[in-house]
Amino acid sequence: MGVLILKCRMTGREFSTGVHTIETDIQELPEVLTWSRCPHCGLEHRWWTHEASIVDALPPSGWVENQ
């Protein structure tokens, strides 16, 4: 299982979208427009599935759920 991460357009720092997936390849996911609040700049970022990356694990400090 992995989690989708994005890079903040304002700070350049990565953050968890809070979206967990069993897929290991971003190409396997449907192309959907989504919004996520960034814990680094506080803004809502609009993003398409192909703009995210899948990682196996993040430290708890990177979890959007802990912000």
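Report whether or not GLU65 is outside any strand (DSSP E or B) and at pLDDT below 90.
On the way: outside any strand (DSSP E or B): yes; at pLDDT below 90: yes.
Judged against the criteria, GLU65 is a match.
I'd like to verify a number: residues in region 17-50 that are assigned to a helix (DSSP H, G or I), surrounded by 14 or more Cβ atoms within 10 Å (Cβ to Cβ) and modelled with pLDDT of 85 or more, how many? Before you say what the answer is, go through the steps one by one.
Within region 17-50, the subset assigned to a helix (DSSP H, G or I) is 26-28, 49-50.
Now drop any that are not surrounded by 14 or more Cβ atoms within 10 Å (Cβ to Cβ), which leaves 26, 49.
If we keep only those that are modelled with pLDDT of 85 or more too, we end up with 49.
Of the residues in region 17-50, 1 are assigned to a helix (DSSP H, G or I), surrounded by 14 or more Cβ atoms within 10 Å (Cβ to Cβ) and modelled with pLDDT of 85 or more.
Starting from region 18-30, take each residue that is within 13 Å of TRP48 (Cβ to Cβ) and list its partners that are charged (D, E, K, R) and not in a strand (DSSP E or B), counting only C-beta distances under 8 angstrom and pairs at least six apart or across chains.
Note: pairs meeting the criteria are LEU29/GLU23.
The values are calculated or read from the model by the stated rules, or taken from the named source; none is laboratory data. Keep in mind that this is a model prediction, so the values were computed, not measured. Backbone-built Cβ (ideal geometry, glycine too); neighbour counts: all protein chains shown.
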